[in-house]
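One structure is given here, and the rest of the page talks about it.
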Amino acid sequence: MVDLRGVDLGVKIGKLELPYPTFMGSGCYGSGEEFASFVDLARIGAVVLKSVTRLPRLGNPTPRLVHTPAGMLNAIGLQNPGIDWYLEQEVAKFASRPCAIVGSVAGFSVDDYAYVSERLATRDEIDALEVNVSCPNVASEGETFACDPKLTAKVVRAVRATTDKTLIVKLSPNVTDIASIAREAEAAGADALAVINTVRGMAIDVDRWQPRLGNVTGGLSGPAIRPIAVLAVYEVARAVTIPIVGQGGIETTSDALEFFLAGASAISIGTANFTDPQIPLRIIEELAQYLRLRNLGSLAKIVGKANVGFSNPYQYEGDEG
Ligand SMILES: Cc1cc2nc3c(=O)[nH]c(=O)nc-3n(C[C@H](O)[C@H](O)[C@H](O)COP(=O)(O)O)c2cc1C
């Protein structure tokens, strides 16, 4: 039982009103059903579904997961049944979920994104959309949409034109200036930003002299990326006025607090669910306790509190001191 005793953990992300500030990260929580026997889904906030594409995808060759120190590399390759099957076979099941359901849209062209979002958005079972812009643009030598401010803006504008539902745009950390991409996404119509997706990485098997992932490279998640993610939230929060869903390596309440203090209004928990599905519930209970001990009635009171009144973090030439 979650004991909030008068502390308000509620958040508003676009039109989405949640009693708890916790999202379950795309690709890490199935559709929620997979976790229903471990946790009460009414207490987790929102599930972001696995990203869906226009056509079915088998995903990358195996191995697709590699353990790393304090993290995990994945190269799933957006395996999913495609939007037709998804709408026919999956979406109706979400109606009975006691938490918010966020559909995740992926694509390989601007048109793909618009097509998938338009179709997903027709369904009442989907409360909001997240746009996963960390995909290659096949029309331009496979450049990742999320790595180019103009391409990101194009996708967001196209998706925005298809729906009035809350639109969360998920940014990639694999860029030099995440703030400029965040600004473009906001200007193009995003209601909120998810910060961050996985960090590019690679691991090599030294006996076989081969990359460990079938896809060679993958995305690093888990605690190893948390400082990268906290900095990204800090920078994005200074660049935009829309809410941020902070993520990357959150395992404990203290981790979550770093994100709120950096400027996130909500958090998302991904990889940690694989080891302990109770983590999201523990975090909301302990967040309430943290606020109560400080006589703060609501989570909103601490959002961005480590991110006000500081000068530009780039005032020094080097980071190493
Ligand atoms: C196995 C796996 C699959 C993922 N699939 C997706 C996906 O389909 N779409 C997406 O936007 N993010 C995907 N992600 C990224 C997560 O949603 C999350 O943003 C990222 O892992 C950082 O958070 P974490 O460290 O809490 O996992 C995936 C992550 C993992 C580990």
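Structure notes:
- Any pair with Cβ under 6 angstrom, 6 or more apart, that starts in the stretch 212-225 at a residue that is closer than 23 Å to SER268 by Cβ and ends at one that is hydroxyl-bearing (Ser, Thr, Tyr) and near the ligand (Cβ under 7 Å from one of its atoms): GLY219/THR198; LEU220/THR198; SER221/THR198; SER221/THR271; GLY222/THR271
- Residue in the stretch 228-243 that is at pLDDT 95 or above, in contact with a helix residue (DSSP H, G or I) (Cβ under 7 Å, 6 or more places away or on another chain) and within 9 Å of the ligand (Cβ to nearest atom) present: no
- The condition of being within 14 Å of the ligand (Cβ to nearest atom), surrounded by fewer than 22 Cβ atoms within 10 Å (Cβ to Cβ), of a type in the set (Lys, Arg) and under 23 Å from THR271 (Cα atoms) holds for ARG200.
- Residue ID - surrounded by the most Cβ atoms within 10 Å (Cβ to Cβ), chosen from residues in the stretch 216-262 that are within 15 Å of the chain's Cα centre (by Cα) and of a type in the set (D, E, K, R): ARG226
- Residue ID - modelled with the highest pLDDT, chosen from residues in the stretch 62-101 that are of a type in the set (S, T, N, Q) and exposed (fewer than 14 other Cβ atoms within 10 Å of the Cβ): THR62
- Test: PHE274 is surrounded by 21 or more Cβ atoms within 10 Å (Cβ to Cβ), among the aromatic types (Phe, Trp, Tyr) and under 18 Å from the mean Cα position of the chain (by Cα): no
- Given (1) of a type in the set (D, E, K, R); (2) part of a helix (DSSP H, G or I); (3) closer than 21 Å to LYS165 by Cβ; (4) within 16 Å of the ligand (Cβ to nearest atom), index of the condition ASP84 fails: (4)
- Matching residues in the stretch 116-146 - criterion: being closer than 21 Å to PHE94 by Cα and either away from the ligand (no atom under 16 Å from the Cβ) or charged (D, E, K, R) (or both): GLU118, ARG119, ALA121, THR122, ARG123, ASP124, GLU125, ASP127, GLU130
The values are calculated or read from the model by the stated rules, or taken from the named source; none is laboratory data. Model, not experiment: these values are computed from the prediction. As a convention, Cβ positions derive from the backbone with ideal geometry for all residues, glycine included, and neighbour counts pool all protein chains shown.
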